[in-house]
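Only one structure is covered here, and it is reproduced in the block below.
The values are calculated or read from the model by the stated rules, or taken from the named source; none is laboratory data. Source: prediction; values computed, not measured. Neighbour counts run over all protein chains shown; Cβ positions are idealised from the backbone, glycine included.
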Amino acid sequence: MALYKITTKRKFVNGNLLIDKGMTVQDSSFAANPLDYDEGTDVNNALIIIYGIDLKPQGLLSTTFLEVEKI
């Protein structure tokens with residue numbers, strides 16, 4: 001099992017939702033990319049717990065918006 005650092009690449013504003021560049025969470029996963037495993041649910045749950053933001057409805061759980069780095 002590997003530990004990954006997931007970081008937002010750019011700022012995103014939509015109504016009351018504000019996501020700044022550089023917001024970071026950590027996730028452990030057996031997958032090579034935690035965004036590909038179970039549609040990124042673990043990563044999204046970590047973002048909800050730490051920052052209170054949900055990226056799924058916005059369609060931002062992808063490598064175009066998030067940078068995945070193996071630690």
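Do we have any residue at all in the stretch 40-62 that's among the small types (Gly, Ala, Ser) and touching a helix residue (DSSP H, G or I) at 6+ places or on another chain (Cβ under 7 Å)? Spell out how you get there, then give the answer.
If we filter the stretch 40-62 for residues that are among the small types (Gly, Ala, Ser), which is where we start, we get 40, 46, 52, 59, 62.
Those left that are additionally touching a helix residue (DSSP H, G or I) at 6+ places or on another chain (Cβ under 7 Å): none.
The answer is no; no qualifying residue exists.
Kindly provide the set of residues from the stretch 29-61 that are of a type in the set (Gly, Ala, Ser), modelled with pLDDT under 90 and either assigned to a helix (DSSP H, G or I) or under 10 Å from the mean Cα position of the chain (by Cα) (or both), ordered by number. Give the derivation first.
Residues of the stretch 29-61 that are of a type in the set (Gly, Ala, Ser), as a first pass: 29, 31-32, 40, 46, 52, 59.
If we keep only those that are modelled with pLDDT under 90 as well, we get 29, 31-32, 40, 59.
Across the stretch 29-61, the qualifying residue is only Gly40.
When the stretch 26-58 is filtered for residues that are under 18 Å from Glu69 (Cβ atoms), loosely packed, with under 14 Cβ neighbours inside 10 Å and hydroxyl-bearing (Ser, Thr, Tyr), only Ser28 remains.
For Met23, the conditions (1) exposed (fewer than 14 other Cβ atoms within 10 Å of the Cβ); (2) in contact with a strand residue (DSSP E or B) (Cβ under 9 Å, 6 or more places away or on another chain) are fulfilled apart from (1).
Every residue, every condition in (1) in contact with a strand residue (DSSP E or B) (Cβ under 7 Å, 6 or more places away or on another chain); (2) touching a residue at least 60 places away in the same chain (Cβ under 8 Å), yes or no:
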{"site": "Met1", "(1), (2)": "yes, no"}
{"site": "Phe30", "(1), (2)": "no, no"}
{"site": "Pro34", "(1), (2)": "yes, no"}
{"site": "Tyr37", "(1), (2)": "yes, no"}
{"site": "Val43", "(1), (2)": "yes, no"}
{"site": "Glu67", "(1), (2)": "yes, yes"}
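Of the residues making up the stretch 1-17, those that are part of a strand (DSSP E or B), surrounded by fewer than 13 Cβ atoms within 10 Å (Cβ to Cβ) and either touching a Cys at 6+ places or on another chain (Cβ under 9 Å) or at pLDDT 90 or above (or both) number 3.
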